[in-house]
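Below is one structure; the comments refer to it alone.
The values are calculated or read from the model by the stated rules, or taken from the named source; none is laboratory data. Here the structure is a predicted model, which is why all the values come from computation and not from measurement. Here the Cβ positions follow ideal geometry from the backbone for every residue, glycine too, while neighbour counts run over all protein chains shown. In case anyone asks, the SASA skips ligands and DNA or RNA and just uses the protein heavy atoms, side chains included. Shrake-Rupley method; radii C 1.70, N 1.55, O 1.52, S 1.80 Å.
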Amino acid sequence: MIVELTSGVLATLHEEARRAAPEECCGLLFGRGGWIDEVRAAANVAENRRVHFEIDPGALLAAHKAARAGGPQVIGYYHSHPTGICVPSATDRQHSTGDSRIWAIIAESEVAFWRDNANGFEALPFRIVE
């Protein structure tokens, strides 16, 4: 699978990470298949937001409820590593559910995409489509 997104979606990911620093940002990825057409920020409700993220459960439930009613489909999640690299951390790996959703991780000026599968995270290539 190749993740496809617009330069605007990519810019939003970078902006969310910049705005939240030195804490981790987080949010939801919407689209179909490997196409991401929207990112939506969510509050990071983790106890220590500098090194962890936890998407606000209310935002997550509302997004899944809206998707079941015909709204945009949640295809994954994003978060930042303000002082790290864009590779799943040990904590990310512990919270892996194997649900095949896409994770975007933003670090410095880079974004990487990963599939959360039964064997851990698999790196996914991406391309900008305008």
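Computed packing ranks the peptides 57-64, 4-11, 123-130 as 4-11, 57-64, 123-130, most packed first, by mean other Cβ atoms within 10 Å. The share of alpha-carbon pairs in the stretch 10-130 lying farther apart than 19 Å comes to 43%.
Each of HIS52, ILE105, HIS64 was placed along the dipole of the chain (beta-carbon charges, centred on the mean Cα), and the one lying farthest toward the positive end is HIS64.
Roll a 1.4 Å probe over the protein chains and send me the accessible area per residue for the chain in Å².
53
With the cut-off at 1.5 for a/c, could you classify the stretch 69-130 from its C-alpha gyration tensor as rounded, prolate or oblate? Taking the square roots of the gyration eigenvalues as a ≥ b ≥ c, the stretch 69-130 is oblate. Treating r as the C-beta distance of GLN73 and ALA11 and R0 as 25 Å, the FRET efficiency rounds to 0.70. If a/c stays under 1.5 just call it rounded; otherwise compare a/b with b/c (prolate if a/b is bigger, oblate if not). Do that for the stretch 1-66, with a ≥ b ≥ c from the square roots of the Cα gyration tensor eigenvalues. Since a/c reaches 1.5 but b/c is at least a/b, the shape of the stretch 1-66 is classed as oblate.
Annotation: VAL51 carries an accessible surface of approximately 80 Å², with a 1.4 Å probe and no ligand, DNA or RNA atoms counted. Dipole check for the stretch 28-130: with +1 at the C-beta of Lys and Arg, -1 at the C-beta of Asp and Glu, and the Cα centre as origin, the magnitude is about 240 Debye. Return the calculated 222 nm mean residue ellipticity for the chain, to the nearest 500 deg cm²/dmol, obtained by summing -39500 (n - 2.57) across DSSP H runs with n ≥ 4 and dividing by the residue count. The per-residue figure over the chain is -7000 deg cm²/dmol. Using only the C-alpha atoms, the convex hull of the stretch 31-77 corresponds to 71 Å³ per residue.
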